[in-house]
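Written out below as structure tokens is the structure these notes cover.
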Amino acid sequence: MFAFIENRSYRKNMFSSHVFVSYLTTISYFVMALALATVPAENGQSIYWTRWLFYIGSCSILTLDIATTAKKPNSRKAEVIVFTALTMFCGFLASIIITVDRWWFFGLSTAAYIGTLYTLFKPSNEGSYNISSIMWFVLLTWSLFPVVWVLAPTGFGIIAIDIEAILYLALDLVTKIGFGLYISSMH
Amino acid sequence: MFAFIENRSYRKNMFSSHVFVSYLTTISYFVMALALATVPAENGQSIYWTRWLFYIGSCSILTLDIATTAKKPNSRKAEVIVFTALTMFCGFLASIIITVDRWWFFGLSTAAYIGTLYTLFKPSNEGSYNISSIMWFVLLTWSLFPVVWVLAPTGFGIIAIDIEAILYLALDLVTKIGFGLYISSMH
Amino acid sequence: MFAFIENRSYRKNMFSSHVFVSYLTTISYFVMALALATVPAENGQSIYWTRWLFYIGSCSILTLDIATTAKKPNSRKAEVIVFTALTMFCGFLASIIITVDRWWFFGLSTAAYIGTLYTLFKPSNEGSYNISSIMWFVLLTWSLFPVVWVLAPTGFGIIAIDIEAILYLALDLVTKIGFGLYISSMH
């Protein structure tokens, strides 16, 4: 669908971000649907840590898209990509490690996430501008991912694995499909 | 050899694609020669899945080189790299998974491969042009890799592992060394 | 600290290399401090091979920074990044493999390292210039990493694992923190 939309839209000559985000998310969900490469959490339920490796790719493309829309200079775009990739990479380490040490990586991931938000929100003097509605949308929806992580078996295990899966699915639909449609309709 | 050719050619100030393609392929063959990290196929023969991880690097550089030669705009180049990387990544997943589910990833890999070809072949209105002979060469030789995959122990196991190795070697020689020499002689 | 320095310096609009180098090195040391994912060497001591995977990221950013400071053209920058990444990737393979075959990858890593140095030192006709002091600093300090590797349990096992850890730590401090401060003070 995004291949079709981006091919006929004004974004014709831009990088087809949402095609790749959807594609990467599709692979990620196939890997999880087949329950490949999971580890057992302390409460015995499975941890689907592969999700975070795929987020390295898909979320880096998304934040690059946001930085491009906000007309950030190239050095800022590169920083946003690296910060996002590091957020998700530490999220992966925090998920694959089942001992209490995982919280160190949760902390490092949070630091990189703050770096992502800071780089996106910081006004720049060279002609870039803040597109507030998109920024706030990202801040509010993306910040729910670590909340689910903390409540799910990866964190304190307060919510069960099936609730976790539904919440992540809803967040993925909003931040990836919904966001892609919104950005496409903007142009 | 390519380091020497590219250093003295008209491509002096271009990225030395073929040095890196050869280098990556050399590491890949060392890893396979030492039979590191293989998995057993359903018919008991070994699957050398590492090949596909190295293709992520080497084939992305090759398609970037083709897109550059065809004077595609930067957004198209980025798309070609990501499509190629995803083709090989799904090829890796299809190879490391030995259950029947591997065919899902074979399908996803095929989709990304079609995306690569579509992006390369699609004429563009901003001054890029099709260099037909190279395009058709890529289409015809690269498409034989999935054919070998389907016939080898990774797929239906119709051909034995040693025949598979010889066929992949021949294809690697043609698509990497042969192609590199041809491109170098063109300039 | 580097986030603060780079934010207020003349490098304000450049990519914050040293923030990311420090951050990646921090993750790397956390992973090693927790002794995650080590393999036993022939002499029974542990090999911390994860170090080399993180070097792929941090050292690529460092050599990109050096190439940028030396005003190399973009194609040379890309080559330096790929050569550095391949040096560290082969270093990773040489470290995770405990049989005698690891020396093949030590050789391949050395070849890529020579490629990195050659690309950095080679004078270029289009306005780039050599910043000799930085180049010689890199040559002399970076070349001590493979020396430690050869003497440590990863190579001949002449020095013990705790001496190895101290030497790598000293080299990391000099080549990353010290180098970062020096580059920041230059601007």
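The values are calculated or read from the model by the stated rules, or taken from the named source; none is laboratory data. Note that the coordinates shown come from a computational prediction; the quantities given were computed from them, not determined experimentally. Positions of Cβ are generated from backbone atoms using ideal geometry, with glycine treated the same way; all protein chains shown enter the neighbour counts. SASA here: full protein model, heavy atoms, side chains in, ligands and nucleic acids out. Shrake-Rupley method; radii C 1.70, N 1.55, O 1.52, S 1.80 Å.
Mind jotting down a quarter of the surface of the convex hull over the alpha carbons of the protein assembly as shown, in square nanometres, one decimal? Could the numbers behind the result be given before it?
Numbers: hull surface 102.6 nm².
So the Cα hull casts an average projection of 25.7 nm².
Can you give the longest stretch of chain B with no exposed loop site, where a site means chymotrypsin sites (Phe, Trp or Tyr not before Pro) in a DSSP loop (not H, G, I, E or B) with at most 12 other C-beta atoms within 10 Å? Don't jump to the answer; show the numbers that get you there.
Working: sites that count: B:TYR129, B:PHE156.
With chymotrypsin sites (Phe, Trp or Tyr not before Pro) excluded where exposed in loops, chain B gives B:1-128 as its longest stretch.
Rolling a 1.4 Å sphere over the protein heavy atoms, what is the accessible area per residue of the protein assembly as shown, to the nearest Å²?
On the way: 24260 Å² over 561 residues.
With the other protein chains kept in place, the protein assembly as shown gives 43 Å² per residue.
To two decimal places, what compactness ratio does region C:85-187 give when its Cα radius of gyration is scaled by 2.2 N^0.38 Å?
Numbers: Rg = 15.6 Å, N = 103, 2.2 N^0.38 = 12.8 Å.
So region C:85-187 has a normalised radius of gyration of 1.22.
On C-alpha positions alone, give me the angle between the axis of helix B:102-121 and the longest principal axis of chain B, in degrees, nearest 10. Relative to chain B, helix B:102-121 is tipped by roughly 10 degrees. The relative contact order of region A:10-165 comes to 21 percent, based on Cα pairs under 8 Å that sit 6 or more residues apart.
Residues whose amide H lies under 5 Å from that of A:ILE47, counting only those 5 or more places away or on a different chain, are A:VAL39, A:ALA41; hydrogens are built 1.01 Å from N in the peptide plane.
Between A:TYR118 and C:ILE98, the simple spin-label model (points 7 angstrom out along Cα→Cβ) gives 4.1 nm.
Could you order C:ILE134, B:ILE177 so the one with the most accessible surface comes first? Probe is 1.4 Å.
On the way: C:ILE134 5, B:ILE177 60 Å².
The most accessible residue leads, giving B:ILE177, C:ILE134.
Model label points for C:ALA170 and A:MET135, set 7 angstrom from Cα along the Cα-to-Cβ axis, are 4.7 nm apart. When C:ILE177 is represented by a point 7 angstrom out along its Cα-to-C-beta vector, the spacings to that point in the other copies are 4.9, 4.9 nm, nearest first. List the residues of region A:19-45 for which accessible area in the full set of protein chains is at least 50 Å² lower than for the chain on its own; 1.4 Å probe, protein heavy atoms only. Those are A:PHE20, A:TYR23, A:ILE27, A:PHE30, A:LEU34, which lose 50 Å² or more relative to the chain on its own.
Please report, as a whole percent, how much of the solvent-accessible surface of chain C comes from carbon and sulfur atoms (probe radius 1.4 Å). Each step should come with its number before you reach the end.
Details: 5840 of 8100 Å².
Answer for chain C: carbon and sulfur cover 72 percent of the accessible area.
Chain B comes nearest to the axis taking it onto chain A at the Cβ of one residue; that residue and its distance, in whole Å, are B:ASN74, 7. As a length-normalised measure over Cα pairs under 8 Å and 6 or more apart, the relative contact order of region A:88-187 settles at 17 percent.
Accessible area per residue was computed with a 1.4 Å probe on protein heavy atoms; C:GLU79 scores about 10 Å².
Since only B:GLN45, B:ALA170, B:LEU93 are under comparison, the one whose Cα sits farthest along the positive direction of the charge dipole of the protein assembly as shown, derived from C-beta charges on Lys, Arg, Asp and Glu, is B:ALA170.
Which value in Å is the Kirkwood Rh of region A:54-117 over different Cα pairs? It is 11.9 Å.
Ranked from largest, the principal axis spans of the Cα set of chain C equal 50, 35, 22 Å. The long axis of helix A:17-33 is offset from the longest Cα principal axis of chain A by roughly 10 degrees.
In chain B, helical runs assigned H by DSSP with n ≥ 4 each contribute -39500 (n - 2.57); averaged across all residues and rounded to the nearest 500, the mean residue ellipticity at 222 nm is -21500 deg cm²/dmol. Each other copy places its own label point for C:TYR118 at 4.1, 4.1 nm from this one, sorted shortest first, where the point lies 7 Å along the Cα-to-beta carbon line. Between A:THR25, A:THR63, A:THR99, the GNM of chain A built on Cα springs shorter than 10 angstrom shows A:THR99 fluctuating the most. Determine the residues within region A:74-89 where the difference in accessible area between the chain on its own and the full set of protein chains amounts to at least 20 Å²; count protein heavy atoms only and use a 1.4 Å probe. Output list: A:SER75, A:ARG76, A:GLU79, A:VAL82, A:PHE83, A:LEU86, A:PHE89.
Only Lys, Arg, Asp and Glu carry charge here, each on its Cβ (+1 for the first two, -1 for the last two); on that basis region C:37-187 has a dipole of about 440 debye about its Cα centre.
Heavy atoms of chains B and C lose about 1600 Å² of accessible surface on contact, summed over both sides with a 1.4 Å probe.
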